[in-house]
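Data block below; observations after.
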Amino acid sequence: QVQLVESGGGLVQAGGSLRLSCAASGSSSSINRMGWFRQAPGKQRELVATITSGGSTNYADSMKGRSTISRDNAKNTVLLQMNSLKPEDTAVYYCLASRYGLDYWGKGTLVTVSS
């Protein structure tokens, strides 16, 4: 089992920035992919960004140029720096860790962007 704890959500004005952090514990060795998804009210969960243990990244088109994902493999943490936030970025952001073909999710952190 892998446990994930997210932090860094909150309320920010449009145009502002937030940094989300996620720490993995438990059976956290050999985690391949880590990343962030989000779910807005009434919508499906969607990709924000992911990063592999080798450093390969994947971003949603809506987040390209506005966000940067990074990872500390030794500490099993993943960070998401989000800039130029928009009201449509408002959602619960979930941390993901993939290990041996299994996906583990955090409980989520709420990001609210006011106009």
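The values are calculated or read from the model by the stated rules, or taken from the named source; none is laboratory data. Keep in mind that this is a model prediction, so the values were computed, not measured. Note that we place each Cβ from the backbone using ideal geometry, even for glycine, and neighbour counts take in every protein chain shown. The accessibility values were calculated without ligands, DNA or RNA, using every heavy atom of the protein model including side chains. Shrake-Rupley method; radii C 1.70, N 1.55, O 1.52, S 1.80 Å.
The table for this structure:
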{"quantity": "Kirkwood Rh and Cα Rg combined as Rg over Rh, evaluated for the range 64-105", "calculated": "1.03"}
{"quantity": "Separation of alpha-carbon centers, the range 36-115 and the range 1-35, rounded to whole Å", "calculated": "8"}
{"quantity": "Relative contact order (%) - the range 17-72, alpha-carbon pairs under 8 angstrom, separation at least six", "calculated": "25"}
{"quantity": "Given 12 as the ceiling on other Cβ atoms within 10 Å, longest exposed-site-free region of the chain for trypsin sites (Lys or Arg not before Pro) in DSSP loops", "calculated": "1-42"}
{"quantity": "Debye, to nearest 20: dipole size of the chain, +1 on Lys, Arg Cβ, -1 on Asp, Glu Cβ", "calculated": "80"}
{"quantity": "Carbon plus sulfur fraction of accessible area for the chain, probe 1.4 Å, in percent", "calculated": "47"}
{"quantity": "Spread of Cα-to-Cα distances over 10 Å intervals beginning at zero, given as percent, for the range 18-115", "calculated": "16, 52, 27, 5, 0"}
{"quantity": "Contact order normalised by residue count of the range 35-114, Cα under 8 Å, 6+ apart, percent", "calculated": "27"}
{"quantity": "Residues of the chain: accessible area per residue with a 1.4 Å probe, Å²", "calculated": "52"}
